[in-house]
Number of protein chains: 2
Amino acid sequence: MVSSGNNYNIQFMLYSKSAEYAIQAMIHLSEFQTDKPTMISSIAKSYDIPYQFLAKIVQTLVKRRLIIAKRGRNGGINLGRDAKDIYLHEIIDAVDGPPPEKDICAIGLDYCSDDAPCPLHHKWKPIRKNIREMLSSENLEELAHRVIEKRELMNK
Amino acid sequence: MVSSGNNYNIQFMLYSKSAEYAIQAMIHLSEFQTDKPTMISSIAKSYDIPYQFLAKIVQTLVKRRLIIAKRGRNGGINLGRDAKDIYLHEIIDAVDGPPPEKDICAIGLDYCSDDAPCPLHHKWKPIRKNIREMLSSENLEELAHRVIEKRELMNK
DNA sequence: GAATAACAAGACCATTTTATCTTTTTATAA
DNA sequence: TTATAAAAAGATAAAATGGTCTTGTTATTC
Ligand code: FES
Ligand code: FES
């Protein structure tokens with residue numbers, strides 16, 4: 001996006017669109033968790049996610065055991081384990097791939113290191129740590145509770 | 001990147017590759033600022049940026065007056081104004097486009113707002129503020145000084 | 001056991017981002 | 001004033017990401 005310069009979504013992107021959809025779907029599963037599985041199509045509809053695209057994403061979550069799928073009539077998907085044992089970063093890593101082994105420098109000067117810090121290093125490093133903590137500390141159960149609260153707040 | 005899930009660069013992306021190149025080039029200009037203009041090709045070589053691609057990016061920086069270009073033999077580019085009056089976010093906005101008017105929710109649930117916060121809101125909002133402050137508080141002159149320090153550190 | 005309803009999977013398509021190729025314009029130097 | 005060296009510009013291509021279509025597979029219900 002060089003010449004017309006109009007990208008509104010790239011700034012401060014924490015994960016891909018695919019991962020975003022994955023998170024939304026997982027929160028939905030956690031929110032409406034029952035014994036009966038939920039249809040992918042109904043989740044897609046709730047969050048305005050293209051159905052086929054979400055189905056693809058779900059496939060990779062199934063492979064990573066974050067979701068259990070049941071085929072056939074009355075089939076659908078459920079969480080792979082208890083909602084309070086699933087953390088955001090697991091979902092992101094499953095969809096976007098694992099984080100790089102060496103940290104990436106904020107302004108792309110080789111790798112990030114304390115020994116040869118780039119000009120942003122001392123400010124960026126703690127921020128990056130905060131982001132990681134945010135994504136590692138929240139389990140799905142809590143997230144779902146707060147989404148429910150949000151809904152109640154909006155509907156009263 | 002859904003099925004093979006292997007994206008190593010997307011996590012915590014602050015700006016596009018184009019913007020990253022732009023920042024590197026601007027820091028370089030600031031670092032080696034003289035009366036004589038610097039050739040785009042020499043900057044491209046220093047930072048391993050594809051020359052033609054950087055040339056395109058420079059064109060938009062010229063339009064935004066962040067860079068002044070001089071054509072013809074012995075031509076090249078220079079900073080559009082004093083290095084200490086150029087801030088990182090200007091470069092990013094010029095290349096990636098301006099930030100969205102409404103903040104974007106970290107997990108894509110409508111827009112971000114204090115009234116209907118998503119589960120990540122209370123953690124994400126201050127982080128986002130920190131990032132913005134980081135990008136708004138650093139001017140090119142300081143950045144260049146610290147790059148020079150880094151180089152000295154590595155070469156002694 | 002046939003019809004149906006769900007996920008699985010692979011091929012395909014679209015858009016955006018990144019990169020390259022080619023030609024044009026401009027200024028300098030000889 | 002001609003050759004040269006630089007940026008400007010436009011067309012094109014490649015790669016990554018996001019999205020769609022079609023067919024297969026599996027389980028349920030009747
Ligand atoms: S060295 Fe650049 S962010 Fe750490
Ligand atoms: S509402 Fe989601 S980040 Fe603010």
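The values are calculated or read from the model by the stated rules, or taken from the named source; none is laboratory data. Every value quoted in this text rests on a predicted model; they were computed, and no experiment measured them. Cβ atoms come from the backbone with ideal geometry, glycine included; neighbour counts cover every protein chain shown. Heads up: the accessible areas ignore ligands, DNA and RNA and are worked out on the full protein's heavy atoms, side chains in. Shrake-Rupley method; radii C 1.70, N 1.55, O 1.52, S 1.80 Å.
List of remarks:
- Looking only at the range B:95-118, residues that are away from ligand 2 (no atom under 13 Å from the Cβ) and facing chain A (nearest Cβ under 7 Å) come to 4 in all.
- In the range B:61-89, the residues that are within 17 Å of residue B:19 (Cβ to Cβ), in a loop (DSSP other than H, G, I, E, B) and open to solvent by less than 50 Å² (accessible area, probe 1.4 Å): B:66, B:80, B:86
- Filter pass, residue B:85 being touching a strand residue (DSSP E or B) at 6+ places or on another chain (Cβ under 8 Å), modelled with pLDDT of 90 or more, closer than 30 Å to residue A:46 by Cα and more than 16 Å from DNA strand D (Cβ to nearest atom): no
- Check on residue A:142, within 16 Å of ligand 2 (Cβ to nearest atom), surrounded by fewer than 19 Cβ atoms within 10 Å (Cβ to Cβ) and modelled with pLDDT under 90: no
- Residue in the range B:44-51 that is within 16 Å of ligand 1 (Cβ to nearest atom), in contact with a helix residue (DSSP H, G or I) (Cβ under 6 Å, 6 or more places away or on another chain) and modelled with pLDDT under 90 present: no
- From the list B:92, B:43, B:23, the lone residue that is surrounded by 17 or more Cβ atoms within 10 Å (Cβ to Cβ), in a helix (DSSP H, G or I) and more than 10 Å from every other protein chain (Cβ to nearest Cβ) is B:43.
- Residue A:68 vs. criteria at the interface with chain B (Cβ under 8 Å from one of its Cβ atoms) and of a type outside the set (Lys, Arg): no
- Checking each residue in the range B:109-128 for being more than 13 Å from residue A:127 (Cβ to Cβ) and surrounded by 17 or more Cβ atoms within 10 Å (Cβ to Cβ) picks out B:109, B:112, B:117, B:118, B:119, B:120, B:121.
- Unmet criterion (only one of (1) open to solvent by less than 90 Å² (accessible area, probe 1.4 Å); (2) at pLDDT below 95; (3) within 20 Å of the chain's Cα centre (by Cα)) for residue A:131: (2)
- Hey, residue A:90 among the charged types (D, E, K, R), away from DNA strand D (no atom under 16 Å from the Cβ) and closer than 21 Å to residue B:127 by Cα or not: yes
- Residue within the range B:119-126 that is outside any helix (DSSP H, G or I), at the interface with another protein chain (Cβ under 7 Å from one of its Cβ atoms) and under 26 Å from residue A:15 (Cβ atoms) present: yes
- Against the numbered list (1) without any contact (Cβ under 8 Å) to a residue 40 or more places away in the chain; (2) more than 8 Å from chain A (Cβ to nearest Cβ); (3) out of contact with any strand residue (DSSP E or B) (no Cβ under 8 Å at 6 or more places or on another chain), residue B:132 comes up short only at (1).
- Filter pass, residue A:102 being part of a helix (DSSP H, G or I), open to solvent by 20 Å² or more (accessible area, probe 1.4 Å) and farther than 15 Å from residue A:28 by Cβ: no
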